[in-house]
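Below is one structure; the comments refer to it alone.
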Amino acid sequence: MKHLLKLLDLSTDEIIDILNLADQLKYEQKHGIPHHHLKGMTLGMIFQKSSTRTRVSFETGMYQLGGQALFLSSRDLQIGRGEPVQDTARVLSRYLNGIMIRTFEQSEVENLAEYGSIPIINGLTDFCHPCQVLADLQTIREYKNKLDGLKFCYIGDGNNMANSLTVGCLKVGMSVSLACPEGYHPDPRILEFAKAYDNFKLVADPKEAAADADVLYTDVWASMGQEGEAEKRKIAFKGYQINDDVMSVAKSDAMVLHCLPAHREEEITAKVFEQHAADIFDEAENRLHAQKAVMVRLMAPEK
């Protein structure tokens, strides 16, 4: 593994290896055991989309690993003034040990990897969100003690989260049921990937998708950059909510996850959110541990 651009690029073994290392690093952090695998190293963090969890978790993670992180907004870089991404990649490769980028187009992440000479980590694009899903899988395994054989249900927009969750969950042996309204299905590339799996289903009815689910997941109806569509989406996504009615058809011990921020009473009721707040905020914490594992695997010097 040279980069983390999208989960489509990773094998099942590579995903499980990252999760195992994330568990180890979490244990060490909780017990005050130093793990300075990246001592003296620097991660550049390019933000063309703002963030709470991504920035704080990567910055804190690099500090705990013995390195440092540089916050680079598009306002601070020539890339925001028209410098080609391939030139930025070649320059930053001379200064840094790795780059995390949170942006719009997946092509920007891919171009950084093509033209740079250091590891590139996708912190989010409109196509996928691999770091979030690695943290999600870590959380599911903590609660359920396994991944293989579980049923995963996603309700809502077929966005970057739905794309990455579909790939990640299928690759680790989970069955996946998505409930998305017409016109808001996942990317065709993801649906083509999922065709190879008998345990994938895309339906219109949230309760059909949620039946006997071990894990339920949702995301906001209008993601960053889609604020202008908010009213239109409220109409399209009416009924695509995790609520008591949906929970009643899932397994009695089903967990609920949300990548945050959450809009209570839209994609999830306040009641269900608070009942599963422990799941959701453990999931948010695991962004730190999963991303540390990614950085160690990509950036730590070979011994």
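The values are calculated or read from the model by the stated rules, or taken from the named source; none is laboratory data. Computed from a predicted model, the values in this text were never measured in an experiment. Note that we place each Cβ from the backbone using ideal geometry, even for glycine, and neighbour counts take in every protein chain shown.
Quick look at the numbers
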| quantity | calculated |
| --- | --- |
| Options SER73, SER93: the member that is in contact with a Phe, Trp or Tyr (Cβ under 7 Å, 6 or more places away or on another chain) and without any contact (Cβ under 8 Å) to a residue 60 or more places away in the chain | SER73 |
| Residue ID - farthest from TYR95 (Cα to Cα), chosen from residues in segment 3-48 that are part of a loop (DSSP other than H, G, I, E, B) and among the polar types (S, T, N, Q) | SER11 |
| Test set (1) in contact (Cβ under 8 Å) with a residue 40 or more places away in the chain; (2) more than 19 Å from LEU257 (Cβ to Cβ); (3) more than 19 Å from the chain's Cα centre (by Cα) - ASP205 fails condition number | (1) |
| Residues that are touching a strand residue (DSSP E or B) at 6+ places or on another chain (Cβ under 6 Å) and over 20 Å from LYS49 (Cβ atoms), drawn from segment 97-118 | ASN97, ILE118 |
| Filter pass, THR60 being modelled with pLDDT of 95 or more and either touching a helix residue (DSSP H, G or I) at 6+ places or on another chain (Cβ under 9 Å) or hydroxyl-bearing (Ser, Thr, Tyr) (or both) | yes |
| Filter result (touching a Leu at 6+ places or on another chain (Cβ under 6 Å) and either over 17 Å from ASP219 (Cα atoms) or of a type in the set (Val, Ile, Thr) (or both)) within segment 145-172 | VAL167, VAL172 |
| Subset of segment 99-120 [crowded, with 21+ Cβ neighbours inside 10 Å and not polar (S, T, N, Q)] | ILE99, MET100, ILE101, ARG102, VAL109, LEU112, ALA113, GLY116, ILE118, PRO119, ILE120 |
| Some residue of segment 53-74 being exposed (fewer than 13 other Cβ atoms within 10 Å of the Cβ) and in a loop (DSSP other than H, G, I, E, B) | no |
| Some residue of segment 142-157 being in a helix (DSSP H, G or I) and surrounded by 21 or more Cβ atoms within 10 Å (Cβ to Cβ) | no |
| Unmet criterion (only one of (1) crowded, with 16+ Cβ neighbours inside 10 Å; (2) under 30 Å from LEU96 (Cβ atoms)) for ILE280 | (2) |
